[in-house]
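Derivation of every value follows stated rules applied to the coordinates shown; laboratory data play no part. Quick caveat, the model's predicted, so the values are computed rather than measured. Cβ coordinates were reconstructed from backbone atoms using ideal geometry, including for glycine residues, and neighbour counts include every protein chain displayed.
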Amino acid sequence: MSELASFGRRIENIVSPAALERMAAKAGAAGKASALDAATHDLGDRRFSGMRRKAALGAGWDDIGGGQVAINFRPAGLWRLAESGRKGTKPIRPRRASGRRAVLTPDGPRARSTSKPSRGLNTYTDAVRDARRSVPKAAAKQFTAEVRKAVH
């Protein structure tokens, strides 16, 4: 009877909150890595080289309980830009009557401003697709490790 009780305790360790947290951590790390890999594949260094401040795409994950994770794509606006691109703009011209400049920038007023269109790279779609593949694999791998630990 003691062998059965011992086996029951080992099985209980597999579904313990600590084991679920470890599985969620592995799954979240895999989702984050696949999102960053998708961004690196599309943009090279995850930065928009044409943008002045060269912001980088990032990702993270949150444990939402029950062994589930939510992958966060940040900053969301840059992921949207990498997904669908941007439209071009027409020249902005200053108003003649007021004599004021059209655009105020940190470097001072600018009389004209244009931007060229860019095509979308489907980066977000690729990142979600890759995360849907890698997250369950990582969780299953960690579950197997938990089972091995409990059995031995």
Tell me the net charge near Gly31. Cut-off is 12 Å between Cβ atoms, Gly31 excluded, with +1 for each Lys or Arg and -1 for each Asp or Glu. +2
Built amide H within the under 5 Å cut-off of Phe48, gap 5+: Ala55
Report Rg(Cα)/(2.2 N^0.38 Å) for segment 37-79, keeping two decimals. 1.40
Residue by residue through segment 124-131, what is 3J(HN,Hα) from phi via Karplus (6.51 cos²θ - 1.76 cosθ + 1.60, θ = phi - 60°)? Round to whole Hz and write x for glycine and proline. 5, 4, 5, 5, 5, 4, 5, 5
